[in-house]
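J.: Below are the C-alpha cells for one structure; questions will follow.
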Amino acid sequence: MLQVNIGNYIQRCGMWDLTILNGGILFMTSSLETKRFDYLRLKKFCVEIIEKVGVSKEGAEIVGSSLVRANLRGVDSHGIQRLPIYTQRVKEGLINSRAEIRLLRDNYASVLIDGGNGFGQIVAHKAMQECVNRALKYGVGVAGVANSHNFGAGALVAMEALKYDMIGVVVSNAAPTLPPWGGTSLTLGTNPLAVAIPTKMEFPIVLDMATSVVARDKITLYKKMGKKIPLGWALTKDGRPTEDPQEALEGILLSIGGPKGYGLALVIDILAGVMTGAAFGKDVGMLYDMSRPSAVGNFMMAINISSFMEVDVFKERLERLCAQIKASELLPGVNEVFLPGEIEYREEQDRMKNGIPIGGDVLKDLEKLSSEYHVSL
C-alpha cells in the first residue's frame, strides 16, 4: 500500500474503526464487538488447520506465519480471513497440499520455477530464497514463478530479502477485475507490487500496493462487515459508481491513477504471467472460483546492496533521505508524514502486545473450521 499522509481520518464502522489514508484503508482496529487473539495462539491454530489438510509441518509454518503476520501488520484482508477459502480449495483439489516445486530453468542469476499448484506462500518463499542465493553470488537474483496460487501479502515475500540486508521486489498477477483504460471488459488483475528496503531505523521501508484503488479482498471484508464501500473504489457491471460491496465484487475495480495504474497492471502481468509461462489476463482463476486452479504467476528479485556500495553507507544515505521526508512541512489537519511500512510496523507492535482483533463473519468462519478440524480456537 502506497502511504501518502494526506487526509487521514478515523471512520467508525460498527465492529471496526477503519484508519483511512487518502481514500484507502490502511489498517483496521477493533471496537468492543470483536475478540482479540494472541498472535502466537492464532498462528498455532492456523498451522494445525493447514497441517490437517495435508501440508507438511514446514509448509504449514510458512503459510500460517504469513496469514497471521498480515493480521499483525493490520492487513486483515490478506490475513486469517483467507484460511477458510484456502482449506476449501485444497478439499476441492484446486490447491495441491503436497506440491512438488521444480526448477524449470536455472541460468546463473535467474531461475524459473514451477509451483506445482501449491500454496502460494510456500512457492514464493522458495522463489525468494533462490533469488537471495543468486544475489549472494551474482549481485542480483531473479525468479519467475508459474503454476502457483495466491501468496497473501506481497510485502511479506519481499521482506524475506531483508534478512540478508538485500532489497526485495515482488510482483504478481491476479484474476481479472480491472478493465483496460477506457474499456469495460475485465482483463487484468489487481496485480500487486511490493518492495522491501533495509534501513538503520527500527522498521524497514516497505511499499505494498495493488494497481487497483483497493485490493479486492478489502471489498470482501466490507461485505462481511455489512458496510458500504467508499465511492471511487469500484463500478457496477454496467459502469455505474457503487457503494455496495456485492455490486463491486461482481463489477469493475478501478485502477490507481487511471491510465497509469492500467499500464502498471499490464506490465506486471507481462512480467509475472506472459514471461513465466503462467496464466495471464482473463485466464487467471479467481480465488473464490471453485471451478479451476488459479494458475497465478509471480516475478521477483533480490538486489544485493553490497554490489553497489557498503550496506552501512547505503543505510546512512537512506537515513538522510528519510529525515528530509519526515521533516516536511505539513498540510492542514495532518499531524505526521509516514514512510511506507511505518504504519504497519506500529500496528504490528500494538497487536503483538494487545492481540489481533477478529469479529463478525471472519470469527464465525474460524469457529466453523475449529469444529470441522477439531482444532481449538
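J.: Ratio of the stretch 83-163's C-alpha Rg to 2.2 N^0.38 Å, to two decimals?
T.: Rg over 2.2 N^0.38 Å, computed on Cα atoms: 1.14.
J.: Let me ask you something else. What whole-number value in cubic angstrom gives the convex hull volume per residue for the C-alpha atoms of the stretch 218-324?
T.: It comes to 192 Å³ per residue, whole-number rounded.
J.: A follow-up question, please. Go through Ser77, Ser56, Ala109 and say which Cα lies farthest out towards the positive end of the charge dipole of the stretch 41-123; charges sit on Cβ, +1 for Lys and Arg, -1 for Asp and Glu.
T.: Ser77
J.: Could you please state, rounded to a whole Å, how far the C-alpha centre of the stretch 146-205 is from the C-alpha centre of the stretch 83-131?
T.: So the separation of the two Cα centres works out to 16 Å.
J.: Need the full-extension length gain, Tyr373 to Leu330, defined as separation in residues times 0.36 nm minus the C-alpha distance. One decimal, nm.
T.: Between Tyr373 and Leu330, full extension yields 10.3 nm more.
J.: Please label the shape of the stretch 294-344 as rounded, prolate or oblate, based on the square roots a ≥ b ≥ c of the eigenvalues of the alpha-carbon gyration tensor (a/c under 1.5 means rounded; beyond that, a/b larger than b/c means prolate, else oblate).
T.: oblate
J.: For the stretch 249-292 and the stretch 307-336, compute the distance between their C-alpha centroids and round to whole Å.
T.: 33 Å
J.: With +1 assigned to the C-beta of every Lys and Arg and -1 to the C-beta of every Asp and Glu, and no other charges, what is the dipole magnitude of the chain about the Cα centre in debye, to the nearest 20?
T.: The dipole of the chain has a size of about 340 debye.
J.: Another question about this same structure. Of Thr177, Ala215, Leu94, which is farthest along the charge dipole of the chain in the positive direction, counting Lys and Arg as +1 and Asp and Glu as -1 at C-beta?
T.: Of the options given, the answer is Leu94.
J.: Over the stretch 183-229, what relative contact order in percent results from Cα pairs under 8 Å that are six or more residues apart?
T.: 30 percent
J.: OK, next. For the stretch 257-377, what does the convex hull of the Cα positions come to per residue, in cubic angstrom?
T.: 271 Å³
J.: Follow-up. Which of the residue pairs Lys223/Lys368; Lys44/Lys137; Lys43/Lys228; Lys44/Lys364; Lys57/Lys368 have a Cα-Cα distance greater than 27 Å in the structure shown?
T.: Lys44/Lys137; Lys43/Lys228
J.: Farthest toward the dipole's positive end in the stretch 284-377, which of Val311, Leu331, Gly297, given Cβ charges of +1 (Lys, Arg) and -1 (Asp, Glu) about the Cα centre?
T.: Result: Gly297, furthest along the dipole toward the positive end.
J.: With +1 on the Cβ of every Lys and Arg and -1 on the Cβ of every Asp and Glu, and nothing else charged, how large is the dipole of the stretch 184-284 about its Cα centre, in debye rounded to the nearest 20?
T.: The calculation lands at about 160 debye.
J.: Over the chain, one equal point on each Cα, no solvent: what is log10 I(q)/I(0) by the Debye formula at q = 0.09, 0.12 Å⁻¹?
T.: For the chain at q = 0.09, 0.12 Å⁻¹, log10 I(q)/I(0) is -0.49, -0.92.
J.: Additional query: Contact order normalised by length for the stretch 76-235, with contacts defined as Cα pairs under 8 Å and 6 or more residues apart; what percent is it?
T.: Over the stretch 76-235, the number comes to 15 percent.
J.: Hey, another quick one. Just the number please: accessible area per residue for the chain, 1.4 Å probe, all protein chains included, in Å².
T.: Using a 1.4 Å probe on heavy atoms only, each residue of the chain averages 44 Å².
J.: Using a probe of 1.4 angstrom, how much of the accessible area of the chain is carbon and sulfur, in percent?
T.: 54 percent
The values are calculated or read from the model by the stated rules, or taken from the named source; none is laboratory data. Note that the coordinates shown come from a computational prediction; the quantities given were computed from them, not determined experimentally. So basically every Cβ, Gly included, is an ideal-geometry build from the backbone, and we count neighbours across all protein chains shown. Surface areas here come from the heavy atoms of the whole protein model, side chains and all, with no ligands, DNA or RNA. Shrake-Rupley method; radii C 1.70, N 1.55, O 1.52, S 1.80 Å.
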